[in-house]
Amino acid sequence: MSIIEINQKTCNKCGICAAECPRRIITLPDGGFPEIAAQVEAACNGCGHCVAVCPKGSLSHRDSPLGLSPKIQDGLKITSEQVEQLLKSRRSARAFKNKPVPREVITRLIEDARYAPTGHNTQEVEWLVIDNKKELDRIEEVGIDWMRWVIQNMPKQAAEANMEEKLERQKLHHDAFLRGAPVLIVTHASKDNPNALVAAIDSANALSFLDLAANGLGLATCWAGYVYFMANLFPPVQEVLALPEGHTAYGCVMLGYNKFKYHRIPARKVPRIIWR
Ligand SMILES: Cc1cc2nc3c(=O)[nH]c(=O)nc-3n(C[C@H](O)[C@H](O)[C@H](O)COP(=O)(O)O)c2cc1C
């Protein structure tokens with residue numbers, strides 16, 4: 001059985017599916033219906049563009065069945081000004097309310113984040129969600145040991161990052177790494193990924209989508225860069241995260257409800273662009 005199914009009653013053989021296919025493996029032989037020859041099926045990356053682009057809803061794909069490919073609703077289209085304001089007004093939160101985020105909400109955000117582009121449509125980003133205060137507190141705690149380790153073993157980097165000062169503040173406040181956020185989200189994937197660079201980009205894309213989706217739902221995020229470093233270098237944090245065997249962290253983000261509301265969009269550097 002082919003990986004695509006054509007409704008021959010509604011397909012008008014317009015050929016858009018073939019023209020859109022990124023792998024160029026859909027053909028319309030001799031004016032017939034679209035097909036993917038058995039010998040090139042393996043080249044399909046299951047992106048579902050053929051389903052998405054068919055104006056008649058006549059094509060279903062094994063990896064993107066018509067029933068799981070809802071129609072795009074024109075009524076939900078947002079204006080360019082709304083998109084622009086969403087992009088410019090999202091901020092990295094540094095003060096979170098002491099309010100848990102329901103798991104259904106987190107699941108919804110992750111489901112939205114699945115739609116971020118991934119190299120070759122591999123969709124290999126996996127998720128660890130920690131909403132357990134004990135484990136989050138433990139990360140803050142072992143972070144103190146990590147800072148001591150950096151100060152001792154990487155003095156130049158420690159000085160550049162004002163680590164001594166940070167260490168003193170952390171001893172008092174215990175919020176340097178997670179800012180009191182009730183949730184930490186870690187993206188992870190196999191360590192042996194031959195495309196580690198792509199995996200890192202896929203993860204950053206997914207977390208950026210999650211950030212925007214979170215803002216749309218009245219939540220806020222902040223990248224947890226230090227936790228990410230620790231997750232890759234510092235065994236006590238790796239123990240807390242306890243990622244699946246053979247996996248490594250590709251990104252860490254805090255999530256929660258922002259204590260404060262932003263009233264303005266801060267200025268950013270003028271873009272440096274080379275035009276040719
Ligand atoms: C890879 C990365 C790591 C970051 N790590 C941290 C972090 O550990 N702690 C923190 O408070 N902010 C962190 N940030 C947030 C940046 O400081 C923030 O994006 C920047 O100051 C701009 O502010 P904005 O996101 O509100 O526009 C990180 C951002 C990125 C992209």
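Go through the stretch 171-186 and give me each residue that's touching a helix residue (DSSP H, G or I) at 6+ places or on another chain (Cβ under 8 Å) and within 12 Å of the ligand (Cβ to nearest atom). Give the derivation first.
As a first pass, look at the stretch 171-186 and keep what is touching a helix residue (DSSP H, G or I) at 6+ places or on another chain (Cβ under 8 Å): 171, 174-178, 181-186.
Hits for the stretch 171-186 are D175, A176, F177, L178, A181, L184.
Can E140 be described as among the charged types (D, E, K, R), surrounded by 14 or more Cβ atoms within 10 Å (Cβ to Cβ) and outside any helix (DSSP H, G or I)? If you could, list the steps in order and put the result at the bottom.
Values: among the charged types (D, E, K, R): yes; surrounded by 14 or more Cβ atoms within 10 Å (Cβ to Cβ): yes; outside any helix (DSSP H, G or I): no.
Answer is no for this residue.
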Among what's in the stretch 176-193 and is without any contact (Cβ under 8 Å) to a residue 60 or more places away in the chain and among the hydrophobic types (A, V, I, L, M, F, W, C), pick the residue that is surrounded by the fewest Cβ atoms within 10 Å (Cβ to Cβ).
A176
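Throughout, read-outs are computed from the coordinates displayed, never taken from laboratory work. Being a predicted model, the structure only gives us computed values, none of them experimental. All Cβ positions, glycine included, derive from the backbone under ideal geometry; neighbour counts span all protein chains shown.
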